[in-house]
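The values are calculated or read from the model by the stated rules, or taken from the named source; none is laboratory data. Note that this is a predicted model, so its numbers are computed, not measured. Glycine gets a Cβ as well: all are built from the backbone with ideal geometry, and neighbour counts include every protein chain shown. We work out accessible area using only protein heavy atoms, side chains counted, and drop any ligands, DNA or RNA first. Shrake-Rupley method; radii C 1.70, N 1.55, O 1.52, S 1.80 Å.
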Amino acid sequence: IVAPMFLVSTPAMVIAACRQGVMGSFPAHGTRSSEVFESWLIEIQDALRAAQAAGERPAPFAVNLVVHASNQRAAGDLALGEKHRVPVILSSKSAPGEMVKRVHAYGGVVIHDIASQRHAVKALEAGVDGLIAVCGGAGGHCGTINPFALLNEVRRIYDGPVVLAGGMTTGRDVLAAQAMGADFAYFGTRFIAT
């Protein structure tokens with residue numbers, strides 16, 4: 001998964017990733033307005049539909065929604081996500097609560113950032129479809145726990161999809177993440193230069 005990077009991720013990056021079979025993503029709050037957010041959703045969906053019509057099999061795209069009460073755009077951005085049926089919502093900064101039901105209602109999936117086992121429990125209670133283990137080395141986030149420790153804690157309570165985030169940049173890192181128990185790897189820094 002190409003991680004949602006604030007002021008770095010763009011529709012072009014998301015589209016290119018998806019067309020290569022890698023989930024591309026971007027943060028809703030990186031668009032700076034709801035109008036720009038919606039225009040990005042339309043641009044990405046149009047490009048991926050065109051790719052499918054040309055016989056390609058693009059991966060789904062994802063949008064990061066900050067669900068913390070301090071995000072004044074959260075409700076409006078979620079409504080736009082519903083309107084455009086964003087396939088995967090990457091929620092962060094607070095337990096996703098009611099948002100999960102709304103995303104599930106249109107057939108979407110919610111994968112939630114966690115930085116501790118306590119965060120994982122809260123997210124799972126909210127009904128998320130997967131967890132993003134934000135470990136030490138993850139850019140822009142509060143993850144400080146070693147990936148071995150956090151994945152072991154998460155796997156004690158959860159056997160569903162887990163994404164590992166933090167400091168990965170090579171195929172060897174993906175293999176190591178899989179060996180540790182992750183199902184997916186989050187790459188951010190590797191794609192900044194693209």
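Ordered from largest to smallest accessible area (heavy atoms of protein chains, 1.4 Å probe), the residues Ile192, Ile1 come out as Ile192, Ile1. Taking label positions 7 Å along the Cα-Cβ direction at both Thr194 and Ala149, the computed distance is 3.2 nm, reported to one decimal.
Note on Arg85 and Ala176: their simple-model spin labels are 4.0 nm apart, each label 7 Å out from Cα toward Cβ. Need one word for the range 66-194: rounded, prolate or oblate. Basis is the Cα gyration tensor (sqrt eigenvalues a ≥ b ≥ c); a/c below 1.5 gives rounded, then a/b vs b/c decides. Prolate, because a/c is 1.5 or more and a/b exceeds b/c.
Given R₀ = 45 Å, what would the calculated FRET efficiency be for Ser39 paired with Thr169, taking r from the Cβ atoms and rounding to 0.05?
E between Ser39 and Thr169, to the nearest 0.05, is 0.90.
Rounded to the nearest 20, the size of the Cβ-charge dipole of the chain about its Cα centre is 140 debye, with Lys and Arg at +1 and Asp and Glu at -1.
Between Asp159 and Ala12, the distance separating the two model label sites (each 7 Å from Cα on the Cα→Cβ line) works out to 4.6 nm. When the Cα gyration tensor is reduced to axis lengths a ≥ b ≥ c, the ratio a/c is 1.5 or higher for the range 39-103, and with a/b above b/c it is classed as prolate. Think of the chain as a dipole: +1 on every Lys or Arg Cβ, -1 on every Asp or Glu Cβ, centred on the Cα centre; then among His68, Phe6, Met168, Met168 lies furthest on the positive end.
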